[in-house]
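Following: one structure in structure tokens, then a few remarks.
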């Protein structure tokens, strides 16, 4: 996709110094791919944290449900 962007000269110069990319298009593609990966990781981490919280709540609910059963006397074999 072709597009026009306005970038600060000092940012482009510094990025070219640090990057292995030979072209500005390559540099921008690499930056965009890294940005997407970083935000995807954050989204996954957020979803995992939510799932862990829900699982913890479910585990506590199950523990409460079985608290009476746990107190029952089991015969010794």
| request: Highest first, please rank the peptides 54-67, 15-28 by the mean number of other Cβ atoms sitting within 10 Å of their residues. | output: 15-28, 54-67
| remark: From DSSP H assignment alone, runs of 4+ in the chain each adding -39500 (n - 2.57), the sum over residues rounded to the nearest 500 puts [θ] at 222 nm at -25500 deg cm²/dmol
| query | How much length is gained on full extension from residue 21 to residue 47, taking 0.36 nm per residue of separation minus their Cα-Cα distance? | reply | 6.0 nm
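Give me the extension gain from residue 36 to residue 70: residue separation times 0.36 nm, minus the current Cα-Cα distance, reported in nm with one decimal.
Values: separation 34, 0.36 × 34 = 12.24 nm, distance 4.85 nm.
Difference between extended and current length: 7.4 nm.
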| Relative to the first principal axis of the alpha-carbon coordinates of the chain, what is the inclination of helix 9-18, with its axis defined by its Cα atoms, in degrees from 0 to 90 and to the nearest 10? | 70 degrees
| query | Hey, what's the per residue convex hull volume over the C-alpha atoms of region 15-67, in cubic angstrom? | reply | 68 Å³
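The numbers here are math on the coordinates, done by the rules we state, and not lab data. What you see is a predicted model, and the numbers here were worked out from it, not measured in a lab. Glycine also receives a Cβ, built like all others from the backbone with ideal geometry; neighbour counts cover every protein chain displayed.
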